[in-house]
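Engineer: Structure incoming, see below.
The values are calculated or read from the model by the stated rules, or taken from the named source; none is laboratory data. Note that the structure is predicted; figures quoted are calculated from it, not measured. Ideal geometry is used to build each Cβ from the backbone, glycine not excepted, and the neighbour counts take in all protein chains shown.
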Amino acid sequence: MERKKILLYLCNFIIMFCILFTINPAQAEDNIISKLENAYKNIKDASGNFVQISYIKDLDKTQKFNGRFFIKGDNLRWQYLGEFSQVIYINKENLIVYDKKRKQAIKSNFSPEKYGQLPLALISRMAVIERDFEITQKTENNLILIPKEKMGNVKRIELIIHEETFPIKTMKITDSNGNIIKIDFNSIKINSNLKDSLFKFIPKKDDTVLTY
């Protein structure tokens, strides 16, 4: 039951940045958003590591996950390593969550119009921040994003913007139930000519694929 709750919570955020006013907040927000936009202009692909800390309020439990991520255009591969071995594939058409241990994949349609504001989509280029969120600047390199429309249970997203080539350093997601996911990115490589095959899920003969 506990594992089921953990899996459900994590999947919700896949089919899932204290407000501080400045003298001229609109101008400040424009500057930090420009950092994001300008950084993405120079990125053809990116890969790196992430550390995810998940606090599940109902279980009063904190878990730590490590993994790898790969981005190319609007394609995202999000891969958990270790005991919790899942791979998530996102593109403009499909969302696939593959559990290696259970040899099971869950596939569903992915519409940018409906799901373009997903937290993980912020890492690629599917989300249009000013369209999808109310934006407040917390510090010079920190944004608080409040969804303009219902986005699952997501209450707010906090982004820490990186000064280097990859625009997002940390993402913190809080939901309406008090659950929190914090993701830190590191060891990032930009424009290394990632293979398209990384973003294609090909089931093995003994895999089960469920479509919703």
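Engineer: Evaluate segment 140-147: report whether one residue or more is part of a strand (DSSP E or B), exposed (fewer than 13 other Cβ atoms within 10 Å of the Cβ) and modelled with pLDDT of 85 or more.
Structural biologist: no
Engineer: Further, regarding this structure: Among (1) at pLDDT 70 or above; (2) over 30 Å from L81 (Cα atoms), there is one condition A105 misses while meeting the rest; what is its number?
Structural biologist: Every listed condition holds for A105 apart from (2).
Engineer: Kindly list the number of the only condition in (1) modelled with pLDDT under 75; (2) among the hydroxyl-bearing types (S, T, Y); (3) crowded, with 18+ Cβ neighbours inside 10 Å that fails for Y80.
Structural biologist: (1)
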